[in-house]
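Trainee: Just dropping this structure here.
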Amino acid sequence: MTATSGGKESFAERSSLLGSTRTVVARRHALLEPASHVRGGLPGFPAHAAVILISPQIGAGFVQFLIHLKGEEGGGSSLPGVESFLYLLAGEASADLGGRAASLAAGDFFFSPPGIEWSLRAGGSGAHAVVFQKTYARLPGVEPPSPVLGRTEEGGGLPFLGDPDALLQTFLPEEPSFDMAVNLFHFRPGASLPFVEAHVMEHGLLMLQGRGIYRLDDAWYPVVAGDAIWMAPYCPQWFAALGPTPARYLYYKDVGRHPLRGSP
Ligand code: UGY
Ligand code: MN
């Protein structure tokens, strides 16, 4: 991009050339817009492939990263004691989940429990994925979960707290062995969360579609597809979908552990 490129840059590119950004990193929340992404820093993937969005370095108890693989590129990130959830955002890929092979298309996902090695290889046109990782907290006497493979159900989801305009799809079983949830929220235009939530669970979120307004602590942020958000425990949070199209986001949440026993 040059000064003579005829003004074809996006608004985000032009405003970041002037030192502006929608990215905010606060003590209890963060909003990361795509224009401020910097790639690299993840062993197991090509250096140009990963963008680490949320991590303990920001104050979070989990990691959220993006993977951008070109055709036929691959990688994996299996750490001892760490569980992973991968959601394919675009493209096609083949996955190896502890020796089990799977083909993934956009909207497909897998959960890899601790102790299972996983890898991903992009098809010819490349692949774009988001991954959530957390150190697994085992409950005494409860076996860790098995791997899960699944897909987004288009038009699926259940009314959230009775609201048919806010549909929630849960991707992982609500069983004591699971200590993380990943859900897809689909808001029809104008729909919102019914109240300002404040809870012990932490969130990592990726806007997949549409736009809206996110309240985090005492600030209200316009958000669009591609934005990532971190919400620390107890961060007051509220969302309303704006504009003519539905808004969709995918989000992580730690679940099912006593606050005094959240870590192994
Ligand atoms: O599951 C949740 O806590 C969800 N309702 N939070 C959110 O969308 N910010
Ligand atoms: Mn919440």
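Here, each number is a calculation from the coordinates, and none is a lab measurement. Treat the numbers as computed from the prediction; the structure is a model and nothing was measured. Because the Cβ atoms are built from the backbone with ideal geometry, glycine has one as well, and the counts that use them run over all protein chains shown.
Trainee: Starting from the Cα-Cα distance between GLU143 and SER177, subtract it from 0.36 nm times their residue separation and give me the gain in nm to one decimal.
Mentor: Between GLU143 and SER177, full extension yields 11.6 nm more.
Trainee: For the range 1-80 and the range 203-242, what is the separation of their Cα centres, given in Å?
Mentor: Measuring centre to centre over Cα atoms gives 17 Å.
Trainee: Let me ask something else about it. Using the per-residue mean of other Cβ atoms lying within 10 Å as a proxy for protection, in what order, highest first, do the peptides 36-49, 206-219, 178-191 fall?
Mentor: 178-191, 206-219, 36-49
Trainee: Right, something else. Give me the dipole magnitude in Debye, nearest 20, for the range 66-143 about the Cα centre, with unit charges on the beta carbon: positive for Lys and Arg, negative for Asp and Glu.
Mentor: 140
Trainee: Can you compute the helix-only [θ] at 222 nm over the chain? Use -39500 (n - 2.57) per DSSP H run of at least 4 residues, normalise by all residues, nearest 500 deg cm²/dmol.
Mentor: -500 deg cm²/dmol
Trainee: Give me the extension gain from ARG151 to GLU197: residue separation times 0.36 nm, minus the current Cα-Cα distance, reported in nm with one decimal. Provide the component values of the computation, followed by the final result.
Mentor: Details: separation 46, 0.36 × 46 = 16.56 nm, distance 2.76 nm.
Extra length from ARG151 to GLU197 when fully extended: 13.8 nm.
Trainee: Running Debye on the range 37-151 with equal point scatterers at the Cα sites and no solvent, what base-10 log of I(q)/I(0) appears at q = 0.10, 0.15 Å⁻¹?
Mentor: For the range 37-151 at q = 0.10, 0.15 Å⁻¹, log10 I(q)/I(0) is -0.27, -0.62.
Trainee: Farthest toward the dipole's positive end in the chain, which of PRO176, MET207, LEU17, given Cβ charges of +1 (Lys, Arg) and -1 (Asp, Glu) about the Cα centre?
Mentor: It is LEU17.
Trainee: Right, next: How large is the charge dipole for the chain, taken about the Cα centre, if only the Cβ atoms of Lys, Arg (+1) and Asp, Glu (-1) carry charge, to the nearest 20 debye?
Mentor: Working: 19 positive and 24 negative charges, 101 e Å.
In debye, rounded to 20, the chain gives about 480.
Trainee: While we're looking at this one, here's another question. Test of understanding: ordering GLU202, GLU83, GLU92, GLU175 by Cβ neighbours within 10 Å, fewest first, what list do you get?
Mentor: GLU175, GLU92, GLU202, GLU83
Trainee: Given contacts defined as C-alpha pairs under 8 Å and at least six residues apart, what's the relative contact order of the range 37-151, whole-number percent?
Mentor: Dividing the mean separation by the residue count of the range 37-151 yields 29 percent.
Trainee: Using +1 at the C-beta of Lys and Arg and -1 at the C-beta of Asp and Glu, which of LEU53, LEU161, SER78 has the Cα lying farthest in the positive direction of the dipole of the chain?
Mentor: Comparing the listed Cα positions along the dipole, LEU53 ranks first.
Trainee: In debye, nearest 20: dipole of the range 151-254 around its Cα centre with unit charges on the Cβ of K, R (+) and D, E (-)?
Mentor: Its charge dipole is roughly 400 debye.
Trainee: Excluding residues on the same chain fewer than 8 positions from LYS134, give the lysines whose Cα lies under 27 Å from its Cα.
Mentor: LYS134 reaches LYS70, LYS253.
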